[in-house]
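For reference, the structure discussed in these notes is given below.
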Amino acid sequence: ISLALVVAAMKIEQLPPGQQKAIKELNIDPEKDEQLLWIAEHAANVELPPEWVEFEDDDGNEAYYHAKTKQLTTQHPIMTKYKRFVEKVRKFQERMGTVGRKVKPHLAVIMNEVLNRIYRELPPITPELLERLTVLLYIDINIEHDLTRRVKIAIESYAEDQYDIALQAQQKADMDAFLNEVRMEQVRLEVLNKPDAVIMCTEIENQPARVKCEQCKDFFSLEGFASTHSTGKRKNHTTVKCEQTTCSVYPDQLATCEVDNTLFCDRAYEEVATRQPHIRQKRKKVLGGLACSEYSNTVAEVLCEDCSDLYCWEAFIELHRRGNRIRHVPLRLDAEGQLYRAGELLPPEECARLIDRARLAREGGAWLAFQDDQLSTYWYHLSDKVTTPQNPYL
């Protein structure tokens, strides 16, 4: 046994029991995966989602049950999402050739470059610096646009603060606070707010499950159950309903909206609306409500047209008590995603346009605003790596 392994084992033994358990469940090697230990630290304190119930099985082990989908598992449902996140990070590291690379030393180099730009009175961040930073933090800049935008905001804010501290106290920038902020965002987006995976039929490919066989304990579409239970002993098997609302175009995705009794995920709706523009003139029902920008666990109740953002009433009042915002007028948002101005229901197309614009402003698209060294604003496309001086969102 190598000395490194002995030291790693001693370090693990000193960790809290919950963290030790998370390291084992996530299959994290303390020596090879040292840069992933922070994920286990977050996973050690997970709470059970409200749809799940915890109980002890016949052997006295922890088990979890989802009443709507009829899922039964011995693994904490959030831990399953953490496992997917760890696997995603590992694949990214292999693809980018960064396996084993220590984050903090490389982050210090990037942070010093950012601080030097501030010292020279230049905009702190460039697309090239942002690309290097996202690779270091296991973020795919080509597709994870929302997270990339949040990293840019965080590094700019943090660098400005650290520059002031460095000037006053001659101290070097501390990376921990910035890392913790970004990693909290990663966990929130990749784990805590990640939609549950659609349960698919075990018999017919690309069909979502609609029932669970009480005897087989397997999940089936109605067609899949009928094809496997029409004869023999299985003919007397009984089922329970597996409740999940899935997209009609991409059946392995949960639906987010409904138009003319047809269910769509966001991707499917945009693709269909591009081919058939008239669909935007029809009433679009948002499923599950939209989240408040300030309190992500609270459903939005109003849309501020001036801010182009979604809030619960508490957040809207809190942010609009003073200054120019006090003149902003909220549009009421109902549970189905319909907007009302002065009590009047807005037309379907205007309603969809305002909500889509607010969501885009909040979640961000592929275009991200930067300033060049002459302080002129330009937009950079995170996937195509092209720039334009015109705001592509207008």
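A few remarks follow.
- Candidate set from segment 175-193 (those that are of a type outside the set (A, V, I, L, M, F, W, C) and open to solvent by 80 Å² or more (accessible area, probe 1.4 Å)); member that is nearest to Thr246 (Cα to Cα): Glu181
- Scanning segment 283-317 for residues that are of a type in the set (D, E, K, R) and outside any strand (DSSP E or B) turns up Arg283, Glu294, Glu301, Glu305, Asp306, Glu314.
- Residues (of a type in the set (A, V, I, L, M, F, W, C) and touching a residue at least 24 places away in the same chain (Cβ under 8 Å)) located in segment 238-262: Val240, Cys242, Leu254, Ala255, Cys257, Val259
- Any hit, segment 194-207, residues being open to solvent by 60 Å² or more (accessible area, probe 1.4 Å), farther than 27 Å from Glu270 by Cβ, free of Cβ contacts under 8 Å to residues at least 60 places away in the same chain and not in a helix (DSSP H, G or I): yes
Conditions tested, residue by residue: (1) touching a helix residue (DSSP H, G or I) at 6+ places or on another chain (Cβ under 9 Å); (2) among the hydroxyl-bearing types (Ser, Thr, Tyr).
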| position | (1), (2) |
| --- | --- |
| Pro49 | yes, no |
| Trp52 | yes, no |
| Asp58 | no, no |
| Ala63 | no, no |
| Thr69 | no, yes |
| Pro77 | no, no |
| Arg84 | yes, no |
| Ala108 | no, no |
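- Looking only at segment 259-273, and only at residues there that are in a helix (DSSP H, G or I) and open to solvent by 70 Å² or more (accessible area, probe 1.4 Å), the one that is nearest to Cys247 (Cα to Cα): Arg267
- Selection of segment 274-302 for residues being among the basic types (Lys, Arg) and open to solvent by less than 40 Å² (accessible area, probe 1.4 Å) yields only Lys284.
- Here segment 20-52 is the region considered, the condition is being more than 30 Å from Thr69 (Cα to Cα) and among the acidic types (Asp, Glu), and the residue that is farthest from the chain's Cα centre (by Cα) is Glu31.
For every residue, the table says whether it meets (1) buried (at least 17 other Cβ atoms within 10 Å of the Cβ); (2) more than 27 Å from Val211 (Cα to Cα).
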{"site": "Gln71", "(1), (2)": "yes, no"}
{"site": "Glu94", "(1), (2)": "no, yes"}
{"site": "Arg101", "(1), (2)": "no, yes"}
{"site": "Ala108", "(1), (2)": "no, yes"}
{"site": "Asn112", "(1), (2)": "no, yes"}
{"site": "Arg117", "(1), (2)": "yes, yes"}
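- Among the residues of segment 56-93, those identified as out of contact with any Phe, Trp or Tyr (no Cβ under 7 Å at 6 or more places or on another chain), under 22 Å from Pro17 (Cβ atoms) and without any contact (Cβ under 8 Å) to a residue 60 or more places away in the chain are Glu56, Asp57, Asp59, Gly60, Asn61, Glu62, Thr74, Gln75, Met79, Thr80, Lys83.
- Residues that are touching a Ser or Thr at 6+ places or on another chain (Cβ under 8 Å), open to solvent by 30 Å² or more (accessible area, probe 1.4 Å) and hydrophobic (A, V, I, L, M, F, W, C), drawn from segment 136-161: Ile143
- The single condition among (1) assigned to a loop (DSSP other than H, G, I, E, B); (2) hydrophobic (A, V, I, L, M, F, W, C); (3) without any contact (Cβ under 8 Å) to a residue 40 or more places away in the chain that Ile125 does not meet is (3).
- Residue list for segment 331-349, filter: open to solvent by 40 Å² or more (accessible area, probe 1.4 Å), outside any loop (DSSP other than H, G, I, E, B) and within 17 Å of Asp260 (Cα to Cα): Glu349
- Just one of the listed residues (Asp373, Asp384, Asp306) is open to solvent by 50 Å² or more (accessible area, probe 1.4 Å), in contact (Cβ under 8 Å) with a residue 60 or more places away in the chain and not small (Gly, Ala, Ser), and it is Asp373.
- Per the conditions (1) open to solvent by less than 90 Å² (accessible area, probe 1.4 Å); (2) modelled with pLDDT under 90; (3) not charged (D, E, K, R), the sole criterion not satisfied by Thr245 is (2).
- Looking across Ile355, Ile326, one residue alone is open to solvent by less than 40 Å² (accessible area, probe 1.4 Å) and hydrophobic (A, V, I, L, M, F, W, C). It is Ile355.
- Neighbours by Cβ (under 6 Å, 6+ apart or cross-chain): first from segment 31-49, open to solvent by 30 Å² or more (accessible area, probe 1.4 Å); second polar (S, T, N, Q): Glu41/Gln19; Ala44/Gln19
- Of the residues making up segment 354-365, none is more than 23 Å from the chain's Cα centre (by Cα) and at pLDDT 90 or above.
The values are calculated or read from the model by the stated rules, or taken from the named source; none is laboratory data. No experiment lies behind these values; they were computed from the predicted model shown. Positions of Cβ are backbone-derived with ideal geometry, glycine not excepted, and every protein chain shown enters the neighbour counts. Ligands, DNA and RNA are excluded from the accessible area calculation, which covers all protein heavy atoms including side chains. Shrake-Rupley method; radii C 1.70, N 1.55, O 1.52, S 1.80 Å.
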